[in-house]
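Quick notes on the structure that follows.
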Amino acid sequence: MTWLADTATSYDTVAASYADFVSDALEKQPYMRAALALFAAEVDGPAVDVGCGPGHFTAHLASLGVDASGVDLSPGMVDLARRTHPELRFEVGSMTDLPLPDASVAGVLAFWSLIHVPDDAVPAALGHFHRVLRPGGLLVIGYHVGAGTRLKTQGYGHPMRVHVHLRQPWWLARRVREAGFTVEAEWSLDPENPVSQAILFARRG
């Protein structure tokens, strides 16, 4: 699929610059840290950070005591994550064909990675999240709130070609429920921003 290849190539290109950009991001985002702390407190077993990028969220979860690993579509990102966090496990893979066994994890974190997945492929990704989670496992998704899609051609000082899909909370919650989850909470971040962010918490039945 073209969007998969474009996304992987784009993040290969920006891997080092993106890692610099997010290196201290969590220090400035207390509500994001709170979401990750809640995830860590609620997950009883291994967890996977899907769309892990350079591994900054994965490493933060590990610092909170989670047996965390990462999966990313971009080989460049995975290589960088492995070099930066050699004590953690990172693997190349797509959330639309997640390379994990059934019921193998207690938590799935997908922070601002589903935003690059087109609407018609979202059910497949959510289906894989459901498949790899144990019964009662926790899914946490961070995403951009809005409507429509924009093509991002520049980012982090480099050319890119990725589509960024903005979504309304009701739209994503409906798809999550249709995939077999119970939505437990939704947090709105920076709601007065024209393109705000949100975090959805859901539990596998």
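Here are the numbers:
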quantity: Cβ charges +1 (Lys, Arg) and -1 (Asp, Glu), total dipole of the range 11-71, debye; calculated: 140 debye
quantity: Accessible area of the range 1-86 belonging to carbon and sulfur atoms, whole % at 1.4 Å probe; calculated: 54 percent
quantity: Inter-centroid distance (Cα atoms) of the range 145-182 relative to the range 73-113, Å; calculated: 19 Å
quantity: Kyte-Doolittle mean at least 0.0, axial Cα span of 20 Å or more - DSSP H helices of the chain; calculated: 2-22
quantity: Beta bridge orientation in the chain: antiparallel %, DSSP, nearest 5; calculated: 55 percent
quantity: Rounded accessible area per residue of the range 1-109, 1.4 Å, Å²; calculated: 45 Å²
quantity: Theoretical ellipticity at 222 nm over the chain - DSSP helices of four or more residues, -39500 (n - 2.57) apiece, nearest 500; calculated: -11000 deg cm²/dmol
quantity: Rounded percent of accessible protein surface that carbon and sulfur make up, the range 109-163, 1.4 Å probe; calculated: 56 percent
quantity: Sequence of D6, D190 from largest to smallest accessible area, 1.4 Å probe; calculated: D190, D6
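The values are calculated or read from the model by the stated rules, or taken from the named source; none is laboratory data. For clarity, every value in this text was computed on a predicted model and none was experimentally measured. All Cβ positions, glycine included, derive from the backbone under ideal geometry; neighbour counts span all protein chains shown. SASA here: full protein model, heavy atoms, side chains in, ligands and nucleic acids out. Shrake-Rupley method; radii C 1.70, N 1.55, O 1.52, S 1.80 Å.
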